[in-house]
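S.K.: Just passing along the structure, written as structure tokens.
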Amino acid sequence: MYNHQEIAERIKSRAKSQKIAMKTMLSELELGINLISHLAKGQNITALNLARIADYLDCSVDYLLGRTDKPEVNR
């Protein structure tokens, strides 16, 4: 259904575009340093953690999931 590797790449790309180091983001969110690597290899992450990452990166969960190409959050 959803491509784990694509989700991981979208997270990395969004962080890079905002000049946010993955290590910094994961540390500040109190998530494991290997979370994105494990995601890219097919492991699932919780919806809550995905939402926390989206909030941190100021984008929608739908964007990270590849359901839209627009990162803007509709609030």
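We did not get these values from a lab; they are worked out from the coordinates using the rules stated. These numbers come from a predicted model, not from an experiment. As a convention, Cβ positions derive from the backbone with ideal geometry for all residues, glycine included, and neighbour counts pool all protein chains shown.
S.K.: Using just the helices of the chain, give the 222 nm mean residue ellipticity in deg cm²/dmol: DSSP H runs with n ≥ 4 each add -39,500 (n - 2.57), and the total is spread over all residues, rounded to 500.
M.R.: Rounded to the nearest 500, the figure is -15500 deg cm²/dmol.
S.K.: Report, in debye and to the nearest 20, how large the dipole of the chain comes out about its Cα centre when Lys and Arg carry +1 and Asp and Glu carry -1 on their Cβ.
M.R.: So the magnitude is around 160 debye.
S.K.: Further question on the same structure: Considering Cα pairs under 8 angstrom that are at least six residues apart, work out the relative contact order of the chain and quote it in whole percent.
M.R.: It comes to 36 percent, rounded to a whole number.
S.K.: Next question, about the same structure. Using just the C-alpha positions of the chain as equal point scatterers, what log10 of I(q)/I(0) does the Debye formula give at each q in 0.12, 0.15, 0.18, 0.19 1/Å?
M.R.: With one equal scatterer per Cα and no solvent, log10 I(q)/I(0) is -0.27, -0.43, -0.63, -0.71.
S.K.: Still on this model: Given the chain, what count of lysine pairs have C-alpha atoms under 19 Å apart, with each pair 8 or more places apart or on different chains?
M.R.: 6
S.K.: Here's a follow-up. What is the gain in length, in nm to one decimal, between Ala51 and Leu65 on full extension, counting 0.36 nm per residue of separation less the C-alpha to C-alpha distance?
M.R.: Contour length minus the Cα-Cα distance gives 4.0 nm.
S.K.: If we count GluC sites (Glu not before Pro) as exposed when they sit in a DSSP loop and have at most 11 other beta carbons within 10 Å, what is the longest stretch of the chain that avoids them all?
M.R.: 31-71
S.K.: Subtract the Cα-Cα distance of Lys41 and Ile20 from 0.36 nm times their separation in residues, and report this length gain in nm to one decimal.
M.R.: Extra length from Lys41 to Ile20 when fully extended: 5.4 nm.
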